[in-house]
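Structure first, then comments.
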Amino acid sequence: MKQLADFVTTIPNFPKEGIMFRDVTSVVQDPEGLRMAIDQLVEKLKGLDFDLVVGTESRGFLFGAPVAYALNKGFILVRKKGKLPREVISEDYDLEYGNATVEMHKDSIKPGQKIVVIDDLIATGGTTEAVVKLVERLGGEIVSMGFVMELAGLGGMEKFKKYNPYALITYPGK
């Protein structure tokens, strides 16, 4: 029987020498891989009391929206700066070669709502940290975080232990 990791394509030396790039697009392009990923993310959340799923542009949308649908929850988009049409709150964060900004509609979360964050990958945790700041600034309470993949060698998951994070696949390196 196939495992979810069987659907992930690994590309050596991309985007630079020494990196083993884990490509999630090979998961979503295969009907069995996509179903397996969504079903496993949903299974981890069954029985958890929460109100909304938050997903980060763009691969967080691929996994977060179907999870929200399956569990009859609303879905909140976190997008790159300048992409949302209503009033937003913003958060800057560092990237490997610079910085970026993500935004969320200011009215997307009401104080006290319980939130699950879903994304495709956690590496250093920079993007996830920006999402946490946005959610908490609006008064949301993060009760869990789900990731399809974790690059454990970069330590991102460790930063978020209080939010009950989980990954479906853990790779030990970078």
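The values are calculated or read from the model by the stated rules, or taken from the named source; none is laboratory data. No experiment lies behind these values; they were computed from the predicted model shown. A quick note on method: Cβ atoms are made from the backbone with ideal geometry, for glycine too, and the neighbour counts reach across all protein chains shown. When the accessible area is computed, the model is the full protein with side chains, heavy atoms only, and any ligands, DNA or RNA have been set aside. Shrake-Rupley method; radii C 1.70, N 1.55, O 1.52, S 1.80 Å.
Label-to-label distance for Glu136 and Asp94 is 1.8 nm, based on points extended 7 Å past Cα in the beta-carbon direction. Given the choices (i) 215; (ii) 165; (iii) 117, volume of the Cα convex hull per residue in Å³ derived from the coordinates of this structure is entry (iii). Once you've got the Cα coordinates, tell me which of Lys73/Lys106; Lys46/Lys133; Lys83/Lys162; Lys44/Lys114; Lys16/Lys44 are over 22 Å apart. Correct reply: Lys46/Lys133; Lys83/Lys162; Lys16/Lys44.
With charges set only on the Cβ (+1 for Lys and Arg, -1 for Asp and Glu), what does the dipole of region 90-174 come to about its Cα centre, in debye to the nearest 20? Walk me through the intermediate numbers first.
Values: 9 positive and 13 negative charges, 69 e Å.
Computed charge dipole of region 90-174: roughly 340 debye.
May I ask for the percentage of alpha-carbon pairs in region 73-126 that lie more than 12 Å from each other? Don't jump to the answer; show the numbers that get you there.
Details: 1018 of 1431 pairs.
In whole percent, the share of Cα-Cα pairs in region 73-126 beyond 12 Å is 71.
Backbone amide hydrogens, once placed in the peptide plane, bring Gln113 within less than 5 Å of Glu141, excluding anything fewer than 5 places away on its chain.
Please calculate how many Å² of accessible area the chain carries per residue, with a 1.4 Å probe and no DNA, RNA or ligand atoms counted. All intermediate terms of the calculation are to be shown ahead of the outcome.
On the way: 9220 Å² over 174 residues.
For the chain, the per-residue accessible area is 53 Å².
Each Lys or Arg adds one and each Asp or Glu takes one away; over the other residues whose Cβ falls under 14 Å from the Cβ of Asp120, this sums to -2.
Under 5 Å between amide hydrogens, built in the peptide plane, is the criterion, and for Ile122 it picks out Met149, Glu150, Leu151 among residues at least 5 positions away or on other chains. Region 141-174 and region 70-100 have Cα centres lying 19 Å from one another. Semi-axis lengths, largest first, of the ellipsoid equivalent to region 24-69 are 19, 13, 6 Å, with √(5λ) applied to each eigenvalue of the Cα gyration tensor. Pair-distance distribution of region 1-88: all C-alpha pairs, bin width 10 Å, starting at 0; shares per bin in whole percent are 15, 36, 32, 15, 1.
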